[in-house]
Amino acid sequence: MSAADSSHMHATLRARQTLTRRLETELAGLRRHRLARRLGEIAFFAVLWSAGIAAGLIGLKATGSAAWALRLSGILVSAAALNAFYLLSHEGHHQLLFRGTFANHAANIALCIPLLHSPSAYCVLHELHHRYLGGPGDPDEYRNYTDDARLRWALQWVRLTMGTLVYMPLIPVVAWRRAERADRRRIGFEYAAMFAVWAPIFAIVPIRVLLQVWLIPGVVVGYVSAVRALAQHALTHSPDPLLASRSVRSNPVVSFLLLNENYHLEHHLFPEVPSYNLPRLRALLRSRLPHTVEARSYTRFLAGFVGRFVRGDESPLGLQRHAAVATKVEG
């Protein structure tokens, strides 16, 4: 581990300790798993995907404008469900789906089958991102690849326009290179098991149906994920753990569909807190944060991002200083 990586990890630990001083009991409550809530989330989005599939299949058989309306609504509903599967799998990477290790991993594999990637492969890269956020070991930090600001802007635009769709097929390759031997065994086993599921599906189900109910919605998920990922860490200030991630306030519907992943600063500071408790964590910490980078919505973030690109300005976007609480937290 480099000195920069070690410094970042110690800074994050200090921030956690400072923010939660005398709040240990409340934080312990936020770490608790709520089985009924998690099962309800999985069931809801499974039913939602089923509804999207049904609408799409009816649309494929219908004619006229009704057919296109059903097909479009089916794609959007299926994409919302698959995006939730992606975010639920992210919970699984943090051992937050279920308390038991076996149940957590088994559920994560099931969630990742329609996402076309191994949970262990993704977890290898995601752990590096959390451990070295914004530092030399973070695979998602573009300063690790170039000192040229113009190239970094180009990489940001690639991330926004096609990054997720390019990144997903590369997950097994990059993860295999960085994984330990035990992780490689898990990655190999998971891809073998998933291919055993994917192969008959692609062999039996007509491609026209697969495109409607799975593959096109998956592309939509890729673009949603690209916007979300850009908003989380682009134009932040990685040396400071309070400014290295951006929370997007958004609205209750978006927060629900994103499983509160829009509260990303809170997630990075306390990744052991389940997503359904992130709004309460945000409320608990709000008065103790001396500064943050935030956005009122994803559309407002994108508008600000484009404006910064035109000016060539890489400074933190949405920086908010809370001078009244700085003394309270640091004192």
**Message:** Can you report the number of residues in region 258-277 which are at positive phi and in contact (Cβ under 8 Å) with a residue 24 or more places away in the chain?
**Reply:** 1
**Request:** Only residues that are out of contact with any helix residue (DSSP H, G or I) (no Cβ under 8 Å at 6 or more places or on another chain) and free of Cβ contacts under 8 Å to residues at least 60 places away in the same chain: list them for region 73-107, please.
**Result:** Gly100, Thr101, Phe102, Ala103, Ala106
**Prompt:** Would you call Leu243 under 17 Å from His94 (Cβ atoms), aliphatic (A, V, I, L, M) and in contact with a Ser or Thr (Cβ under 7 Å, 6 or more places away or on another chain)?
**Reply:** no
**Asked** For region 209-240, how many residues meet the condition of being in a loop (DSSP other than H, G, I, E, B) and of a type outside the set (S, T, N, Q)?
**Response** 5
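Residues in region 94-149 that are over 19 Å from the mean Cα position of the chain (by Cα) and open to solvent by 30 Å² or more (accessible area, probe 1.4 Å): how many? Break it down into steps so the answer makes sense when it comes.
Let us first name the residues in region 94-149 that are over 19 Å from the mean Cα position of the chain (by Cα), namely 99-103, 106, 136, 143-149.
Applying the additional criterion that residues be open to solvent by 30 Å² or more (accessible area, probe 1.4 Å) yields 99-103, 106, 136, 143-145, 147-149.
So the count comes out to 13.
Please pick out the residue among Leu19, Leu35, Leu76, Leu13 that is of a type in the set (A, V, I, L, M), modelled with pLDDT under 95 and open to solvent by 60 Å² or more (accessible area, probe 1.4 Å). Reasoning before the result, please.
On the way: Leu19 fails: open to solvent by 60 Å² or more (accessible area, probe 1.4 Å); Leu35 fails: modelled with pLDDT under 95; Leu76 fails: modelled with pLDDT under 95.
Of Leu19, Leu35, Leu76, Leu13, the one residue that is of a type in the set (A, V, I, L, M), modelled with pLDDT under 95 and open to solvent by 60 Å² or more (accessible area, probe 1.4 Å) is Leu13.
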**Prompt:** Among (1) among the aliphatic types (A, V, I, L, M); (2) farther than 16 Å from Trp49 by Cα; (3) not in a helix (DSSP H, G or I), which single condition is Leu115 missing?
**Reply:** (2)
**Asked** Scanning for something under 23 Å from Leu97 (Cα atoms) and either assigned to a helix (DSSP H, G or I) or open to solvent by less than 50 Å² (accessible area, probe 1.4 Å) (or both), does region 50-61 turn up at least one residue?
**Response** yes
**Request:** Specify the residue that is least open to solvent (accessible area, probe 1.4 Å); the eligible residues are those in region 150-208 that are at pLDDT below 95 and part of a loop (DSSP other than H, G, I, E, B).
**Result:** Ala179
**Message:** Show the residue pairs meeting these rules: Cβ distance below 9 Å; 6+ apart or different chains; first residue within region 218-232 and among the hydroxyl-bearing types (Ser, Thr, Tyr) and open to solvent by 30 Å² or more (accessible area, probe 1.4 Å); second residue in a helix (DSSP H, G or I) and modelled with pLDDT under 95.
**Reply:** Tyr223/Leu160; Tyr223/Thr161; Tyr223/Met162; Tyr223/Thr164; Tyr223/Leu165
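Could we say that Phe45 is within 21 Å of Glu127 (Cα to Cα), open to solvent by less than 40 Å² (accessible area, probe 1.4 Å) and assigned to a helix (DSSP H, G or I) here? First the steps, then the outcome.
Values: within 21 Å of Glu127 (Cα to Cα): no; open to solvent by less than 40 Å² (accessible area, probe 1.4 Å): yes; assigned to a helix (DSSP H, G or I): yes.
Against the criterion (within 21 Å of Glu127 (Cα to Cα), open to solvent by less than 40 Å² (accessible area, probe 1.4 Å) and assigned to a helix (DSSP H, G or I)), Phe45 does not qualify.
For residues that are among the polar types (S, T, N, Q) and without any contact (Cβ under 8 Å) to a residue 40 or more places away in the chain, tally how many sit in region 108-119. Quick ask: steps written out before the conclusion?
Going through region 108-119, the residues among the polar types (S, T, N, Q) turn out to be 108, 118.
The next check asks that each one be without any contact (Cβ under 8 Å) to a residue 40 or more places away in the chain; those that pass are 108.
Within region 108-119, residues that are among the polar types (S, T, N, Q) and without any contact (Cβ under 8 Å) to a residue 40 or more places away in the chain number 1.
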**Complete:** A careful count of residues in region 244-256 that are buried (at least 19 other Cβ atoms within 10 Å of the Cβ), farther than 15 Å from Ala226 by Cα and of a type in the set (A, V, I, L, M, F, W, C) gives 1
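The values are calculated or read from the model by the stated rules, or taken from the named source; none is laboratory data. All figures in this text were calculated on a predicted structure; none of them were measured in a lab. Cβ atoms come from the backbone with ideal geometry, glycine included; neighbour counts cover every protein chain shown. Protein only, heavy atoms only, side chains kept; ligands, DNA and RNA dropped before computing areas. Shrake-Rupley method; radii C 1.70, N 1.55, O 1.52, S 1.80 Å.
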